Amino acid sequence: MNVPKKWWWLVGVAVPIVAAAIAIVPDLIRNGDTGGGDTFTVIGTQSNTKVTFNNVSVIVEQAKQTGEELPQSVVETLRQALKLAQSRKFDQAIPLLESVEDEALVPALLNNLGAVYLATGNQEKAKQYFEQALAYNPEEETPLINLKQIPPGPVVGARLVNFSSQYSDDDCYRYQGFCAEYILDGKPNKGWVSADGKFPQTFVVELPREFLISSFSFDNAARGEEDRAAKDVEIYVSLEAAHLGYREIDTFTLKKGEIAQGFKLASSVRARWIKLNILSNYGNANYTELMEFRIVGQVR
Ligand SMILES: [Ca+2]
């Protein structure tokens, strides 16, 4: 460094100051400018949940990785939306983010959509977006951070991976409500009818990730004769795989003809796979029915 002698003192003073400033700046960016840093966090309006947003730069970068250069207008809209989110004007941020959803369909944007919905108290919609982001990339950190903030509620993204029987495989779709997968479709009047009168009837449900399960709920108003309604059920959970590692958790007796029958566990259990065995029905010799099986828990 060629510094005139009379300025040498300045090097000793200025260098540490500059070094300290460099150390502080990333934090300032993270907290204050939606253009830089990876994430920023705000407190929701409806709940006191902390929600974490991805910054515009992350969305731009993820789009680039998929071979897409986001148009300047999209980047500008994103920037505006995130500034609104930072000032907790979430309701105004939602339409802006949704307006660019198709053009910037990357995990970081899906996370931000989930985050604005979570901030306004719409946990169901928030969970759908976070799960969608994680479906694109299971390693994506921000949606997972957000999911862990959400108190126990219906698990979103559970899917049926195995079942013992369903009313004639070809006909189950035609009759709109006889297929096994309809026990997870959220509709109390659409569900499963067995292929026969045998027991047990078994369902294996895979959760999108590990959850801490606190309760279950059943819709059990049969569409056919009311004595087809499921009666005694038992529940197993596994952390290993869909086909092994199960331990029994609890048994319940369902009422016939009732929807939203809740059963709370004495203590929450960790689970990635859940096996539901139906052991009996209300007397029908040929068929058994169950309309909905809801799993309530929180991401660990
Ligand atoms: Ca259903």
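Here is a list: Glu181, Glu140, Glu234, Glu206. Which entry is in contact with a Pro (Cβ under 7 Å, 6 or more places away or on another chain) and either away from the ligand (no atom under 16 Å from the Cβ) or at negative phi (or both)?
Testing whether each residue is in contact with a Pro (Cβ under 7 Å, 6 or more places away or on another chain) and either away from the ligand (no atom under 16 Å from the Cβ) or at negative phi (or both) leaves just Glu140.
What's the number of the condition Val161 fails, among (1) within 16 Å of the ligand (Cβ to nearest atom); (2) outside any loop (DSSP other than H, G, I, E, B); (3) not small (Gly, Ala, Ser)?
(1)
In this structure, does Tyr246 turn out to be closer than 21 Å to Pro208 by Cβ and either surrounded by 17 or more Cβ atoms within 10 Å (Cβ to Cβ) or polar (S, T, N, Q) (or both)?
Answer is yes for this residue.
What's the number of the condition Ser214 fails, among (1) more than 19 Å from Asn284 (Cβ to Cβ); (2) within 16 Å of the ligand (Cβ to nearest atom); (3) hydroxyl-bearing (Ser, Thr, Tyr)?
Among (1) more than 19 Å from Asn284 (Cβ to Cβ); (2) within 16 Å of the ligand (Cβ to nearest atom); (3) hydroxyl-bearing (Ser, Thr, Tyr), Ser214 violates only (2).
Restricting attention to the stretch 56-79, which residues are out of contact with any helix residue (DSSP H, G or I) (no Cβ under 7 Å at 6 or more places or on another chain) and either surrounded by 12 or more Cβ atoms within 10 Å (Cβ to Cβ) or under 21 Å from Gln92 (Cα atoms) (or both)?
Result: Ser57, Glu61, Ala63, Lys64, Glu68, Pro71, Gln72, Ser73, Val74, Glu76.
Coordinate-derived values only; no laboratory data. Keep in mind the model is a prediction, meaning the values are calculated, not measured. Don't worry about glycine lacking a Cβ; one is built from the backbone with ideal geometry, like all the others, and counts go over all protein chains shown.
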